[in-house]
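So the structure is just underneath, and the comments pick up after that.
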Amino acid sequence: MVKVCFITLGCKVNQTESEAMAQLFRNAGYQLVDFRQIPDVVVINTCTVTNTGGSKSRQAIRRAIKAFPESFVVVAGCYSQIAPAEVLGIPGVDLVLGTQDRRQILKWIEYVRKTKKPYAAVRNIGQAQDFEEFPQIKEESRTRAMLKIEEGCNRFCAYCIIPFARGPVRSRLPGNALAEAQKLVKAGYREIVLTGIHIGAYGEDLAGGWDLAGLLKLLIGIPGLHRLRLGSLESVEFKAELMEIISSSPVICPHLHIPLQSGSRQVLTKMQRPYTPADYRDLLEKLFRSVPGLAVTTDIIVGFPGESAADHAQSLEFAAGCNFAGIHVFPYSQRQGTLAAAYPDQVSGRVKVQRVKEMRQVARESQEAYVKSRLGHTVEVLVERVDAQGRAFGHTENYLAVNLAPELKGGNWEAGQLVAVRLAPEHICPPK
Ligand code: SF4
């Protein structure tokens with residue numbers, strides 16, 4: 001049997017797309033293997049969101065070529081979309097794909113095998129018009145499934161390379177999203193996670209007035225759907241209808257990821273983010289009032305060009321006052337091609353390191369305070385895996401990572417089980 005191996009970097013969307021490409025190979029009779037076996041084809045799905053993403057992608061490509069010198073090497077994803085020639089120039093790379101046309105991956109492999117010449121099948125993403133549909137993913141585990149509903153972004157925040165790698169907003173047709181969600185529920189999945197590059201922009205490109213609220217209304221009506229978890233949403237996208245659905249539907253998980261990026265008004269303006277800290281706080285207050293036990297997680301960038309010590313102090317203080325359940329902290333990464341890359345007053349690496357340390361301290365304290373506030377409450381755990389000792393691991397509806405002892409409630413845990421638990425400190429998994 002021909003073997004294929006995937007190496008995936010980056011976000012949930014990349015993970016979902018690697019699984020989708022893997023399904024194409026399975027459907028063509030390939031066997032999916034990991035590094036321990038020598039594959040006939042190795043696919044590296046790359047990331048470029050930060051400088052680190054780019055260098056990690058190059059490292060992963062070189063490592064794969066060194067480990068599997070006889071294998072056919074395909075490089076796809078965001079890094080190869082913005083730098084196809086650079087990737088094709090790496091000796092040992094056979095085929096380069098970007099962030100579209102991955103559905104043709106097997107066709108392109110045949111083409112390169114025939115021509116015996118490395119090739120980059122990367123089109124201009126700025127002209128992309130359609131959402132790329134993939135065949136339904138058939139996974140072993142039947143617990144949580146990713147459902148990609150949107151591609152691209154039209155926003156061009158000053159620091160962000162994503163619109164250059166992913167192109168304009170393309171929404172999946174509501175009927176196709178509904179059909180796949182129905183199949184997932186029928187297949188026994190307990191939780192569906194809606195993913196995309198900018199799901200809050202869902203429908204911007206569709207006729208008929210579609211938006212995310214409209215799609216959610218469609219999906220929450222699926223009989224047997226237990227949990228619907230939303231991917232990252234921008235604070236400006238919480239229109240009244242969306243708020244209403246999130247607060248009234250028992251299916252939608254009380255966990256929202258809403259990037260703040262900075263708690264300084266001045267820095268948000270330079271980032272070209274369309275809200276102020278006060279707007280953001282008003283939204284949080286509304287959400288916490290209308291969704292009991294809500295967990296809000298966020299992203300914060302420190303060391304953005306021109307961020308003064310006072311701006312940073314403001315950001316620390318603001319973030320500490322938001323009752324976040326989790327904060328992903330990123331040092332600003334200068335990405336060529338973005339507006340901010342040319343800004344004066346780039347912050348030094350030394351200062352960034354210190355500011356990351358300080359913001360991560362706020363993140364730790366916020367997460368501990370949130371966990372403490374949930375102790376003693378009865379939560380529902382979706383068991384995602386059981387280890388060799390019989391200990392179960394999974395997530396609560398508000399996305400706390402928990403573990404359940406083998407002997408708890410008679411044990412015999414199975415993936416896919418939903419368990420009501422009165423949350424105690426021993427259930428909480430240590431933060432990654
Ligand atoms: S909204 Fe801004 S940060 Fe998010 S993907 Fe689009 S450009 Fe990047």
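All conditions in (1) part of a loop (DSSP other than H, G, I, E, B); (2) within 16 Å of the ligand (Cβ to nearest atom); (3) open to solvent by 50 Å² or more (accessible area, probe 1.4 Å) hold for residue 224, with the sole exception of (2). Scanning region 241-276 for residues that are open to solvent by less than 20 Å² (accessible area, probe 1.4 Å), assigned to a helix (DSSP H, G or I), touching a residue at least 12 places away in the same chain (Cβ under 8 Å) and under 18 Å from residue 159 (Cα atoms) returns 267, 271. Yes or no: region 141-159 includes at least one residue that is within 11 Å of the ligand (Cβ to nearest atom), outside the structural domain of residue 16 (by TED's automatic domain parsing), buried (at least 16 other Cβ atoms within 10 Å of the Cβ) and farther than 27 Å from residue 240 by Cβ. Yes, some residue in region 141-159 is within 11 Å of the ligand (Cβ to nearest atom), outside the structural domain of residue 16 (by TED's automatic domain parsing), buried (at least 16 other Cβ atoms within 10 Å of the Cβ) and farther than 27 Å from residue 240 by Cβ. In region 354-372, the condition of being touching a helix residue (DSSP H, G or I) at 6+ places or on another chain (Cβ under 7 Å), closer than 15 Å to residue 312 by Cα and among the aliphatic types (A, V, I, L, M) is met by at least one residue.
Mind telling me which of the residues 83, 120 ends up being of a type in the set (A, V, I, L, M, F, W, C), out of contact with any strand residue (DSSP E or B) (no Cβ under 8 Å at 6 or more places or on another chain), more than 16 Å from the ligand (Cβ to nearest atom) and open to solvent by 10 Å² or more (accessible area, probe 1.4 Å)?
Answer to the selection: 83.
So that you can scan it fast, the table gives a plain yes or no per residue for (1) within 26 Å of residue 352 (Cβ to Cβ); (2) over 23 Å from the mean Cα position of the chain (by Cα); (3) acidic (Asp, Glu):
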{"position": "199", "(1), (2), (3)": "no, no, no"}
{"position": "214", "(1), (2), (3)": "no, no, no"}
{"position": "225", "(1), (2), (3)": "no, no, no"}
{"position": "229", "(1), (2), (3)": "no, no, no"}
{"position": "256", "(1), (2), (3)": "no, no, no"}
{"position": "265", "(1), (2), (3)": "yes, yes, no"}
{"position": "277", "(1), (2), (3)": "yes, yes, no"}
{"position": "286", "(1), (2), (3)": "no, yes, no"}
{"position": "302", "(1), (2), (3)": "yes, no, no"}
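Within region 169-204, track down each residue that is more than 11 Å from the ligand (Cβ to nearest atom), open to solvent by 30 Å² or more (accessible area, probe 1.4 Å) and on the phi < 0 side of the Ramachandran plot. Matches in region 169-204: 173, 175, 176, 178, 179, 182, 183, 186, 187, 190, 204.
The values are calculated or read from the model by the stated rules, or taken from the named source; none is laboratory data. As the structure is a computational prediction, the values presented were derived from the model and not from experiment. Here Cβ is always computed from backbone atoms with ideal geometry, including for glycine, and neighbour counts include all displayed protein chains. Side chains included, ligands, DNA and RNA excluded: accessible areas come from the protein's heavy atoms. Shrake-Rupley method; radii C 1.70, N 1.55, O 1.52, S 1.80 Å.
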